[in-house]
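A.B. asks: Here it is: the structure, laid out below.
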Ligand SMILES: [Zn+2]
């Protein structure tokens with residue numbers, strides 16, 4: 001369904017949702033005290049770690065994509081990798097977590113009752129930002145902004161952020177999962193740092209799936 005602001009019931013407007021901003025930072029390679037606790041091999045299918053946010057969607061999260069970009073990507077190519085990222089979560093539970101609605105010219109980061117993914121300007125060091133508006137334990141709106149400070153790629157090119165890799169992580173926040181910052185959680189999708197050219201977060205680990213099912217069931 002398409003929301004119309006004019007048709008928004010007044011009771012929804014009076015909810016006065018709170019906003020939390022989850023910033024996903026680029027890995028501080030030189031700034032981190034230790035990195036030797038990162039497992040040398042991908043152990044994500046035996047790592048059951050996850051952390052839940054204190055709020056969640058109670059209904060399917062319908063989302064719109066603003067594919068406008070300065071990287072020369074075709075709109076349908078942008079849509080394709082983002083829908084793929086959402087589907088990576090959706091196929092692990094019987095609940096319909098996400099529903100792609102179409103393209104939009106709306107921007108992420110504004111409370112307008114549209115769940116929007118778009119590029120936009122943000123400060124250096126932050127790859128992407130997920131905005132969550134909520135009341136109590138219920139999410140009302142979620143947006144994700146991809147930071148134009150960085151170069152992006154649709155196919156994991158070195159020196160660029162991979163859209164599908166980053167969006168799979170960000171959709172984890174939409175699912176109600178929080179970041180993990182311990183080195184031992186490096187190989188999970190919800191690990192809170194990322195690197196240029198990285199694509200391993202496109203696929204979920206055990207902890208990511210267990211966290212999803214803790215929210216939505218199996
Ligand atoms: Zn994150």
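A.B. asks: What are the residues in region 148-164 that are part of a helix (DSSP H, G or I) and either in contact with a strand residue (DSSP E or B) (Cβ under 7 Å, 6 or more places away or on another chain) or more than 16 Å from the ligand (Cβ to nearest atom) (or both), if any?
C.D. replies: Within region 148-164, just 163 meets the criteria.
A.B. asks: If you don't mind, another one. Check 204, 145 and return the single one that is modelled with pLDDT of 95 or more and assigned to a loop (DSSP other than H, G, I, E, B).
C.D. replies: None of the other options fit; the residue is 204.
A.B. asks: Do we find that residue 62 is away from the ligand (no atom under 16 Å from the Cβ), part of a strand (DSSP E or B) and within 13 Å of the chain's Cα centre (by Cα) in this structure?
C.D. replies: When the stated conditions are applied, residue 62 does not pass them.
A.B. asks: Could you list all residues from region 59-93 that are under 13 Å from residue 212 (Cα atoms) and in contact with a strand residue (DSSP E or B) (Cβ under 6 Å, 6 or more places away or on another chain)?
C.D. replies: 86, 90
A.B. asks: Can you tell me which condition residue 180 does not meet? The list is (1) closer than 18 Å to residue 67 by Cα; (2) within 11 Å of the ligand (Cβ to nearest atom), and all the others hold.
C.D. replies: Residue 180 satisfies all of (1) closer than 18 Å to residue 67 by Cα; (2) within 11 Å of the ligand (Cβ to nearest atom) except (1).
A.B. asks: So, in region 189-206, exactly how many residues are more than 21 Å from residue 80 (Cα to Cα) and within 11 Å of the ligand (Cβ to nearest atom)?
C.D. replies: Adding up the residues that qualify gives 5.
A.B. asks: Please go through region 181-201 and pick out each residue that is part of a helix (DSSP H, G or I) and out of contact with any strand residue (DSSP E or B) (no Cβ under 8 Å at 6 or more places or on another chain).
C.D. replies: Within region 181-201, 183, 184, 200 qualify.
A.B. asks: Pairs only if they're at least six apart or on different chains, beta carbon under 7 angstrom, first in region 168-184 and free of Cβ contacts under 8 Å to residues at least 40 places away in the same chain, second near the ligand (Cβ under 10 Å from one of its atoms); list them, first residue then second.
C.D. replies: Qualifying pairs under 7 Å: 181/192.
A.B. asks: Being over 22 Å from residue 215 (Cα atoms) and within 12 Å of the ligand (Cβ to nearest atom) is the filter here; which residues of region 116-141 pass it?
C.D. replies: Listed by number, the residues that qualify are 126, 127, 128.
The values are calculated or read from the model by the stated rules, or taken from the named source; none is laboratory data. Since the structure is predicted, the reported quantities are computational estimates derived from the model, not experimental observations. Reconstructed Cβ throughout: ideal geometry from the backbone, glycine too, with neighbour counts over all protein chains shown.
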